[in-house]
Every structure is written in C-alpha cells, then in structure tokens.
Amino acid sequence: VRKMGPYGKEVCEAAFGELMRWAGPRGLIGRSPMMGMYWDNPEVTPPERCRTDACLVVPAGTKVDAPVALQEIPGGPHAVCEFHLPMTDFTAAWEEAFQWLVQSGHECADRPCYELYHDDCTGPLCRFDICIPLKK
C-alpha cells in the first residue's frame, strides 16, 4: 500500500493500517516478512511527494485489489544495518545507517531503501534492519 507524505509515524501507520485491513481477512498476517519501502530522498524530494510503501511478502499467485498492489523488490548488493530500538528511535537509526554509508565509501544505488521487520513492533522494542541498496 503506497502513501504519499513526509516520512514518519503518521504516514507509515496509515499505510500499514490499510495493508493489515486487507491482509487480515486473507490470513496473511504473521506468516511472512513485512517491510517499509522508502523511494525518495527527503533532503531532495518535497515532503508531500515522498513515497512510502507498506509491504508484506505474499505467496506467488496472490490476487490483489486496490489499494493493494504487487511489486518485486529489486535485488543486488545492500548494506544491512540491524537495530533493536523503540519505535521512537527510527529517525536516529536511519541517521546512523546513512552515516555508516558515507564513512564506508559506498554509494547508494538508485533503488528504494527499506526497513525489514523481524517482529510486529508492538512491544517496547522493535527488531528491524535498514537495507540500503549499493552501487556495484
């Protein structure tokens, strides 16, 4: 489910809420990984034009209807930065991940960055990876 707007809690909650309302009746929640994809650089793209996709891995052949769409995540090398933090610390995690990227000498590829969630993030801490696509 794609939502437009500034990256942050409000837009993400709207996107994931809509995705869960679709996935729940189909028995897809808790069976496969979830991701939050971020397509735009908020330092370049106006906040109202930033794209956030709430994603859930689904079995091959799954039929979808609006507002849900299917997409494939592009492969290739990624920096994977693991975090175990409160949901309120996501901005700091992204800053840390990109600080590492700059210091490492790698460059971000022209593909979306994403968060890969290892739990449902309903407890005091959320375990997730920030995945940054790298230029080869």
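The values are calculated or read from the model by the stated rules, or taken from the named source; none is laboratory data. Worth saying up front: this structure is predicted, and the values here are computed from it rather than measured. Reconstructed Cβ throughout: ideal geometry from the backbone, glycine too, with neighbour counts over all protein chains shown. The area values use the complete protein model at the heavy-atom level, side chains included, leaving out ligands, DNA and RNA. Shrake-Rupley method; radii C 1.70, N 1.55, O 1.52, S 1.80 Å.
Quick notes on this one:
- C131 being touching an Asp or Glu at 6+ places or on another chain (Cβ under 7 Å), open to solvent by less than 50 Å² (accessible area, probe 1.4 Å) and not in a loop (DSSP other than H, G, I, E, B): no
- Just one of (1) within 22 Å of Y7 (Cα to Cα); (2) surrounded by 10 or more Cβ atoms within 10 Å (Cβ to Cβ); (3) in contact with a strand residue (DSSP E or B) (Cβ under 8 Å, 6 or more places away or on another chain) fails for P42. It is (3).
- Q103 passes every criterion in (1) in contact (Cβ under 8 Å) with a residue 60 or more places away in the chain; (2) farther than 19 Å from M34 by Cβ; (3) not in a loop (DSSP other than H, G, I, E, B) apart from (1).
- Residue count for region 77-94, restricted to those that are at pLDDT 95 or above and assigned to a loop (DSSP other than H, G, I, E, B): 1
- Just one residue in the set A92, A54, A66, A97 is under 22 Å from V11 (Cα atoms) and either among the basic types (K, R) or within 13 Å of the chain's Cα centre (by Cα) (or both); that residue is A54.
- Test: V57 is farther than 30 Å from A92 by Cβ and among the aliphatic types (A, V, I, L, M): no
- Output for region 16-65, where each listed residue is over 23 Å from D120 (Cβ atoms) and in a strand (DSSP E or B): R51
- Count - residues of region 106-122 that are in a loop (DSSP other than H, G, I, E, B), within 27 Å of S32 (Cα to Cα) and not hydrophobic (A, V, I, L, M, F, W, C): 7
- Checking G27, G36, G61, G76 one by one, the residue that is at positive phi and either among the aliphatic types (A, V, I, L, M) or open to solvent by less than 40 Å² (accessible area, probe 1.4 Å) (or both) is G27 and no other.
- Lone qualifier among E48, E18, E82 - being surrounded by 14 or more Cβ atoms within 10 Å (Cβ to Cβ) and in contact (Cβ under 8 Å) with a residue 40 or more places away in the chain: E18
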